[in-house]
Amino acid sequence: MTRPAANWRLHRRVLMQARPYWLHVAAILVLGLLAVPLALMVPLPLKIAVDSVIGNRPVPGWVDWLAPDALTRSDSALLVVVVALVALVAVLALIQELARSVLSAYTSERLALSFRSELFRHAQRLSLSFHDGRGTTHSVYRIQYDALSLQYVLVEGVVPMLTAALTFVGMVAVTGAIDAELALVALSISPILFGASYAYRRRVRPQWHAAKEYESSAMSVIQETLGALRVVKVFGREDHEQERFVRRSRSGVRARIRLAVVEGAYGLLIGLTIAAGTATVLYVGVRHVRSGVLTLGELLVVMSYVARLYDPLRSMSKKAAGLQSSLASAERAFALLDETPDVAERPNARPLGRARGHIALRGVSFSYDGRQDVVTDFSLAMAPGTRLGIAGTTGAGKTTLISLLLRLYDPTRGAVLLDGVDLRDYRVADLRRQFAVVLQEPVLFSASVLENIAYARPEASLREIEAAAAAAHADEFIRALPDGADTLVGERGMRLSGGERQRIGLARAFLKDAPILVLDEPTSSVDVRTEAAIVDGMERLMRGRTSIIIAHRLSTLDRCDLRVEVEKGRLATLAPGPAARGAAPVRVRGNGHKPSPARAHA
Ligand SMILES: Nc1ncnc2c1ncn2[C@@H]1O[C@H](COP(=O)(O)OP(=O)(O)OP(=O)(O)O)[C@@H](O)[C@H]1O
Ligand SMILES: [Mg+2]
């Protein structure tokens, strides 16, 4: 599964992703390497104590160099030197460890934040089709959990592995200088360790992928259920959702337990190998002391080095285990980053200041799933300033037409043109600025009423916001709210009524001074009197703008110059609206249907 080349590519990508933090990572590496000389110094005081304080061998040259003669001549003075050395080495090791862990934490957190924010930005760029198909949790899990893999792989994986490898080399060299044969014996077990960790790696990564997929799917049940708790409660489906959550979680639990068993078995194998190595070294070492090749103090040093020699091996193998989980996560996060947005911006996209508002659909067909067309061969042209009313049965494809116009999706065939230019040629951000939209289901954010209206134009003045609220007939109910415009609307605006949400959505569109106004059933949730008032407000807003209104109630479409009726994704009828003045600048091209006012009113 994890072919070496792919594995190498993945490591390289992790490294490239962390490019801004290379200096930090290098510093962590250097701090980690300081541990090597410190570790080498740890057993030396013991050796001096055994060989020179208790025994009567001469003091090693470097101690003479370090401490004045007077101190090394008497045994008790030498003992003080030895004790001081122990303390010094310990303090240095503690300082080194403190610096390393603080820098690691700093680097890890910064790495995670920058990777997460890149993933979040990319997820926002991906098309609605992507998110509709995968569900939001697919991305949430990757951004919130899988993104952490970068820090694990680098700061807690690769760097410690490198440190361990270098420590290993240092220890082998020093042990070899004291007793080459012992170093060889100690080394002889390393092929087993490397073989085991290779085999382990191959087996475990795919299993980690599966485990994370189960977890992500369990999380999507939570998200979906709590997000639509009203529906769940109303239909009394709490137990069903609970069962769905537990079932998916259980698959994840089983996968993790299987992984723990494999990891345990692997740890056991490593531990046994190391124990066998240590025992062999002790056996050979004691024989060497007996035959006079080694002093007792030297054997103690070698045994301490061998223990430390195996430490990096053990931690390398352990890290290799944890690393597999992180690498699986890294693959998942990179997979999200590799998704290409369907609605991509062309490299040399045209900037667009303020559009005149000439809209044309030319033989547009569209399908959500690539199989069944929802919009079929739709053609229509509107001069700037036209008011277009769209009617049609539910599910006919009206909202889909709007989505195509806003370039939330690209047509499968044909083209949508604004001011004579294909939408796909414009910069996406410039294009979206041309529309003030009221969506069919107004979506509010968990913020105050004021902030929700200002979402369309954050820099708007308070007076402009108030005017927009008044035009949408929202001012009256906003004043009646406990904290007025500062009242919090709750998640997705759930603390307001449907009609109130709709009017805030309208105020939002009114505030955005855009050349094209798009209203998808803007008054479906308000009573007839309020609707009449809102339509009055809209009248002012539509003046001089190209407007598109979708409505079931024909009264809402009274003021349109042009009415179309959509039937099963096709343009069924096209007719001048009741408000059409003789001079209305309308250019019409239906699909072979003759304009028939009679049907438009039906
Ligand atoms: N995101 C989507 N993914 C797949 N199919 C979709 C999606 N949105 C809508 N559809 C399908 O496309 C068809 C047209 O839907 P659309 O929302 O455009 O209808 P509509 O005319 O706006 O209806 P309504 O009057 O009920 O709002 C429907 O059959 C619907 O099932
Ligand atoms: Mg609709």
Q) Once label points are set 7 Å from the Cα along Cα→Cβ at both A447 and V253, what is their separation, rounded to one decimal in nm? A) 4.1 nm
Q.
With the crude spin-label approximation of a point 7 Å out along Cα→Cβ, what separation in nm comes out for V261 versus A84?
A. 5.9 nm
**Q.** Interchain or long-range residues, amide H under 5 Å from R570's placed H
**A.** T376
Q) Going from most exposed to least, what order do L66, L557, L92 have by accessible area with a 1.4 Å probe? A) L66, L92, L557
Q) With all protein chains present, how much of the accessible area of the chain (probe radius 1.4 Å) comes from carbon and sulfur, to the nearest whole percent? A) 60 percent
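Mean separation of Cα pairs under 8 Å and 6+ residues apart, divided by the residue count of the chain: what relative contact order is that in percent?
The value is 14 percent.
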Q: Only loop residues by DSSP count here, and only those with at most 12 other Cβ atoms within 10 Å; note down the GluC sites (Glu not before Pro) in the stretch 439-491 that meet that.
A: E459
(Q) Can you list the DSSP H helices in the chain whose Cα atoms extend at least 27 Å along the helix axis and whose mean Kyte-Doolittle hydropathy is -1.0 or higher? (A) 75-125, 159-178, 190-227, 238-290, 296-338
**Q.** Lys pairs, the chain - Cα-Cα below 28 angstrom, 8 or more residues apart or on other chains
**A.** 6
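With +1 on the Cβ of every Lys and Arg and -1 on the Cβ of every Asp and Glu, and nothing else charged, how large is the dipole of the chain about its Cα centre, in debye rounded to the nearest 20?
In total the dipole reaches around 1600 debye.
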Q. Could you sort E345, E241 by accessible area so the largest value comes first, with the probe set to 1.4 Å?
A. E345, E241
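How much area per residue is accessible in the chain when the probe is 1.4 Å and only protein heavy atoms are counted (Å²)?
Numbers: 30490 Å² over 602 residues.
With the other protein chains kept in place, the chain gives 51 Å² per residue.
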(Q) Skipping prolines and chain starts, which residues have an amide H placed within reach, meaning under 5 Å, of the one on R387, given they are 5 or more residues away or on another chain? (A) S547, D561, L562
**Q.** Distant-in-sequence amide H partners of T412 (H built 1.01 Å from N, under 5 Å)
**A.** S365, F366, S367
(Q) Could you work out the relative contact order of the stretch 199-290? I mean the mean sequence separation of Cα pairs under 8 Å and 6+ apart, divided by the number of residues, in percent. (A) 39 percent
Q: Per DSSP H run of at least 4 residues, take -39500 (n - 2.57); add these up for the chain, divide by its residues and hand me the 222 nm value, nearest 500 deg cm²/dmol.
A: -19500 deg cm²/dmol
Q) Using Cα pairs under 8 angstrom and six or more residues apart, how large is the relative contact order of the stretch 19-337, in percent? A) 31 percent
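The values are calculated or read from the model by the stated rules, or taken from the named source; none is laboratory data. Predicted, not measured: the structure shown is a model, and the values here were computed from it. FYI the Cβ positions are ideal-geometry reconstructions off the backbone, even for glycines, and counts take in every protein chain you see. These area figures cover heavy atoms from the full protein model, side chains too; ligands, DNA and RNA do not enter into them. Shrake-Rupley method; radii C 1.70, N 1.55, O 1.52, S 1.80 Å.
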